[in-house]
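Here the structure comes first, spelled out in structure tokens, and everything after it is commentary.
The values are calculated or read from the model by the stated rules, or taken from the named source; none is laboratory data. Model, not experiment: these values are computed from the prediction. Positions of Cβ are backbone-derived with ideal geometry, glycine not excepted, and every protein chain shown enters the neighbour counts. For accessibility, only protein heavy atoms count, side chains too; no ligands or nucleic acids. Shrake-Rupley method; radii C 1.70, N 1.55, O 1.52, S 1.80 Å.
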Amino acid sequence: MAVDELDTRILRLLLEQPRTSVREYARILGVARGTLQARLDRLERDGVITGTAPALSPAALGHPVLAFVHVEVTQGNLDDVGDALAAVPEIVEAFSITGGGDLLTRVVARDNAHLEDVIQSLISLPGVVRTRTEVVLRERVPHRLLPLVESMGRTVRS
């Protein structure tokens, strides 16, 4: 999807001030409210904006341990294992991948013992051959999209 300079300014504003009203966004950007709403609707329809939920901290919710667990799956069982992973509340994300393993999951836990329990439950799923776990020591670059949006804005203006 082509993103123009106004789209970039809208996305930047959404990331910087997520709790502001559409009317206020329009005022800040100097565009009509209808124009802004039409742009937001298109960005949502095209899948650029995928949600408006608040960002939550698993650590603040009592799950400070973060690990990435690679899951190797027997051939032909990827969809079934993926569905089973969706039923595990401590798995906050899962991706099909290439390389060492078939699935990469982001897992949160209350402590290391709880993490071990979650991993043991994954190993017992039908179709799972083995897992490999990497425990996160410290987050170095938090999830972010603003630098990407800003780089797109520079590209649009060039």
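Computed values, structure above
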| quantity | calculated |
| --- | --- |
| Test for Arg140: is it assigned to a helix (DSSP H, G or I), closer than 30 Å to Arg9 by Cβ and modelled with pLDDT of 95 or more | no |
| Close pairs from the range 107-127: first polar (S, T, N, Q), partner modelled with pLDDT of 95 or more and open to solvent by 10 Å² or more (accessible area, probe 1.4 Å), Cβ under 9 Å, at least 6 apart | Asn112/Val65; Asn112/Val135; Ser121/Val88; Ser121/Glu90 |
| Residues of the range 60-88 that turn out to be in contact (Cβ under 8 Å) with a residue 12 or more places away in the chain and on the phi < 0 side of the Ramachandran plot, as a count | 20 |
| Cβ-Cβ under 6 Å pairs, at least 6 apart or on other chains, the range 27-56 side within 17 Å of Leu145 (Cβ to Cβ), far side at pLDDT below 95 and open to solvent by 70 Å² or more (accessible area, probe 1.4 Å) | Asp46/Met1 |
| Search result, residues across the range 4-56 that are closer than 14 Å to Met152 by Cβ and touching an Asp or Glu at 6+ places or on another chain (Cβ under 9 Å) | Thr8, Arg12, Leu43, Val48 |
| Number of positions in the range 114-146 that are closer than 30 Å to Ala2 by Cβ and surrounded by 10 or more Cβ atoms within 10 Å (Cβ to Cβ) | 2 |
| Test: Ala59 is open to solvent by 60 Å² or more (accessible area, probe 1.4 Å), of a type outside the set (Phe, Trp, Tyr), within 19 Å of Arg144 (Cα to Cα) and within 24 Å of the chain's Cα centre (by Cα) | no |
| Selection status of Ala67, touching a helix residue (DSSP H, G or I) at 6+ places or on another chain (Cβ under 9 Å) and farther than 16 Å from Val129 by Cα | yes |
| Tally of residues being crowded, with 18+ Cβ neighbours inside 10 Å and assigned to a loop (DSSP other than H, G, I, E, B) across the range 62-113 | 4 |
